[in-house]
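Here is the structure we will look at.
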Amino acid sequence: MQYSFTTEQNEFRGVLRRFFEQSSPPPVVRQLMETEAGWDRTRWRDLNAQLGLCGVHVPEAYGGMGFGFVELGIVLEEMGRALLCAPFFSSAVLATTAILNGADEAQKASLLPGLVSGETVAALAITEPDGKWEPGAIATTAQQADGRYQLSGVKSFVIDGHTADLLIVLARLPDSKGDEGLSLFAVRSDADGVKRKALQTLDPTRKLARIEFDGVEAELLGKSGEAAGPIARTLAQAVAMLANEMVGGAERLRESALDYANLRVQFGRPVSSFQAMKHKQADMLVDLELAKSAAYQAAQAVADDEPDFPAIASLAKASASDTYLQTAVHTIQIHGGIGFTWENDTHLWFKRAKSSEVLLGDAVWHRDALVRAWADGGRVGQ
């Protein structure tokens, strides 16, 4: 584990922070989250034209930058700090990584360049109305006829599913159960039989959708019935990246709380000078540094393809979930009366903290997964 970033990585972070501070201030976040899409396609194209972030962890052979998950973690941490409203996590992290893990070489060469350029936005459809992330809970079926596959079923809580151009869908073959018979499919969002509906969510900065498939023709990605390993690997990698995004948001909140405590005056002195406030600020800092260390280690473990990276990712997600939400609560309290109003920007990060807490499994689920992974050697299917 590298406990410090390289000079190049720190410079990369600096460029990202300056860019997001200019392009994603709170007024822009509020404007975008009120729209049905939740993001702006012109801004999305500009983001990729200027920085090319969608290809950070994609090999150069497919048009990417050829870096790794450490650099992708840096991108997500800075996006979480800025609360960027864009389909990056859905398209560049979930869908792109699923294709890298589960598609064959010809399919990668066909699908990835469009995702890397940002011209195509994709969404990964796994969860169904029960909200379970375990691949074994999948009920959507893939019927084969005349060499073609047709999907039938319902997917829910799909990030940016109502605006994506391409849907990467996890479905199962008839009469299969558990992890057996699972397959990945690519579906154009405008295909016949696809019905999409945006869901009302707690966090308006990250839109979710319900998608119905009624005999929809789909392209099989990779080998039929062998997607359990690739999708488990994809989810573990995404969990590590989500932890990095969450600590970025928590860091922004902690700094906001400290700045306000230094500004706010009671009894003729800044509230930051009170001993109780010093204790709270110290606790927030310690919790955040622990969560950041876990998130950074998870990103490094994924980049190095360590056998136990799923367990480390679960540890990081559990730590980040607790820290992000608790930091948001403390920040609202420190802001006093104004902190409890919607006009205060703290609520934007509070809602993201709450939605991220349950995304890809909450802290309790990941602590259980941590135990299960270590009991099984921490390995994930290949």
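The values are calculated or read from the model by the stated rules, or taken from the named source; none is laboratory data. Quick caveat: nothing in here was measured; it's all calculated off a predicted structure. No Cβ is skipped: glycine too gets one built from the backbone with ideal geometry, and neighbour counts run over all protein chains shown. Surface areas here come from the heavy atoms of the whole protein model, side chains and all, with no ligands, DNA or RNA. Shrake-Rupley method; radii C 1.70, N 1.55, O 1.52, S 1.80 Å.
Just a few scattered comments:
- Listed values for the stretch 281-298 are Karplus-derived 3J(HN,Hα) couplings in whole Hz (6.51 cos²θ - 1.76 cosθ + 1.60, θ = phi - 60°), namely 5, 5, 4, 4, 5, 4, 4, 5, 5, 5, 5, 5, 4, 5, 5, 5, 5, 4, and x replaces Gly and Pro.
- Scalar couplings 3J(HN,Hα) for the stretch 97-106, obtained by applying the Karplus form with A = 6.51, B = -1.76, C = 1.60 to θ = phi - 60°, are 5, 4, 5, 4, 7, x, 8, 7, 4, 5 Hz; x denotes Gly and Pro.
- The residues of the stretch 138-203 expose, per residue, 48 Å² of accessible area to a 1.4 Å probe.
- Among the protein heavy atoms of the chain, carbon and sulfur supply 51% of the accessible surface, probe 1.4 Å, non-protein parts ignored.
- Zone residues, the stretch 211-239, relative to K195, backbone N less than 19 Å from point 7 Å out along Cα-to-Cβ: 211-218
- From most to least packed by mean Cβ count within 10 Å, the peptides 242-254, 81-93 give 242-254, 81-93.
- Full-stretch length increase - S4, E217 - with 0.36 nm per residue and alpha-carbon distance subtracted: 71.9 nm
- Pairwise centroid distance, computed over Cα atoms, of the stretch 1-77 with the stretch 202-273, Å: 14
- For Cα extents along the principal axes in Å, calculated from these coordinates, the label among (1) 70, 45, 34; (2) 80, 44, 39; (3) 60, 55, 52: (2)
- For E128, distant residues with modelled amide H under 5 Å away: S156
- Packing, as the average of other Cβ atoms within 10 Å across residues, places the peptides 96-108, 348-360 in the order 348-360, 96-108, highest first.
- Highest mean first, the peptides 59-68, 207-216 sorted by other C-beta atoms within 10 Å per residue fall in the order 207-216, 59-68.
- Cα pair distances exceeding 22 angstrom across the stretch 223-345, given as percent: 46
- Label-zone membership for the stretch 176-201, site E226, 7 angstrom Cα→C-beta point, backbone N under 16 Å: 180-185
- Listed by chain and number, the aspartates and glutamates whose alpha-carbon sits under 15 Å from that of K108, ignoring those within fewer than 8 places in the same chain, are E60, E219.
- Rg/Rh for the stretch 31-140, where both radii come from Cα atoms and Rh is the Kirkwood radius: 0.98
- The 3J(HN,Hα) values that the Karplus relation (6.51, -1.76, 1.60; θ = phi - 60°) gives for the stretch 230-241 are, in residue order, x, 6, 5, 5, 4, 5, 5, 5, 5, 4, 4, 5 Hz. Gly and Pro appear as x.
- Under a 5 Å amide H cut-off, with hydrogens placed 1.01 Å from N, V121 pairs with D165, L166 among residues at least 5 apart or on other chains.
- Local charge for T327 was computed over the other residues whose Cβ lies under 13 Å away, with Lys and Arg +1 and Asp and Glu -1, and equals 0.
- Extending 7 Å from Cα along the Cβ direction at D376 and again at Q144 yields two label points whose distance is 2.5 nm.
- Within a straight-line Cα-Cα reach of under 21 Å, K207 can be paired with the following lysines, leaving aside sequence neighbours fewer than 8 residues apart in one chain: K132, K155, K195, K197, K317, K351, K354.
- For the stretch 255-355, the solvent-accessible area of protein heavy atoms averages 45 Å² per residue (probe radius 1.4 Å; ligands and nucleic acids excluded).
- Between A49 and R13, full extension at 0.36 nm per residue minus the direct alpha carbon distance yields a gain of 11.2 nm.
- Ligands, DNA and RNA are left out, and with a 1.4 angstrom probe the accessible area of the stretch 44-94 is 26 Å² per residue.
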